[in-house]
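The values are calculated or read from the model by the stated rules, or taken from the named source; none is laboratory data. Here the structure is a predicted model, which is why all the values come from computation and not from measurement. As a convention, Cβ positions derive from the backbone with ideal geometry for all residues, glycine included, and neighbour counts pool all protein chains shown. Surface areas here come from the heavy atoms of the whole protein model, side chains and all, with no ligands, DNA or RNA. Shrake-Rupley method; radii C 1.70, N 1.55, O 1.52, S 1.80 Å.
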Amino acid sequence: GKHRIVIPCLGRFKEEYEKVSKLYMNNKVRTTRYTLLNFLPRNLFEQFHRVANLYFLFLVVLNWVPVVEAFQKEITMLPLIGVLTIIAVKDGLEDYSRYKMDKQINNLVTKVYSR
């Protein structure tokens, strides 16, 4: 009783494939965490879940209070900005390599065998 129809997306079946494929979910692999639009907010959100980054942020905020100010405000921000930038660049490069690998996997030619 059960059967399925497989329509190749090449050659003379391309138009039919494009009509039918809109009805179903695709099966593309996506392992990336970020998009261009959500990279900065999502990366900052993930980085501020680390206790060390919260500690440096606390020092920056505390240094803006005139009574407690120990250093120049800009000097207190340098370690936090440096750490956030380095981690963001590392995360961006890792995510880009995942994107390239996903693209490579999704463009592999597959063979479908039928009895």
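Laid out as a table, the results:
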| quantity | calculated |
| --- | --- |
| Members of segment 94-115 that are surrounded by fewer than 10 Cβ atoms within 10 Å (Cβ to Cβ) and either polar (S, T, N, Q) or in a helix (DSSP H, G or I) (or both) | ASN107, THR110, SER114 |
| Segment 37-51 - residue that is open to solvent by 80 Å² or more (accessible area, probe 1.4 Å) and either within 12 Å of TYR99 (Cα to Cα) or of a type in the set (D, E, K, R) (or both) and, of those, modelled with the lowest pLDDT | ARG50 |
| Selection from segment 6-51 of residues that are closer than 30 Å to THR85 by Cβ, among the polar types (S, T, N, Q) and in a loop (DSSP other than H, G, I, E, B) | THR31, THR32, THR35, ASN38 |
| Any hit, segment 17-33, residues being modelled with pLDDT of 90 or more, under 30 Å from ASP91 (Cα atoms), exposed (fewer than 11 other Cβ atoms within 10 Å of the Cβ) and not basic (Lys, Arg) | yes |
| Restricting segment 53-91 to residues that are in contact with a helix residue (DSSP H, G or I) (Cβ under 8 Å, 6 or more places away or on another chain) and of a type in the set (D, E, K, R), the residue that is least open to solvent (accessible area, probe 1.4 Å) | ASP91 |
| Close pairs (6 angstrom Cβ cut-off, 6 or more residues apart or separate chains): at pLDDT 85 or above in segment 61-85, open to solvent by 60 Å² or more (accessible area, probe 1.4 Å) and assigned to a loop (DSSP other than H, G, I, E, B) anywhere | LEU62/VAL68; ASN63/GLU69 |
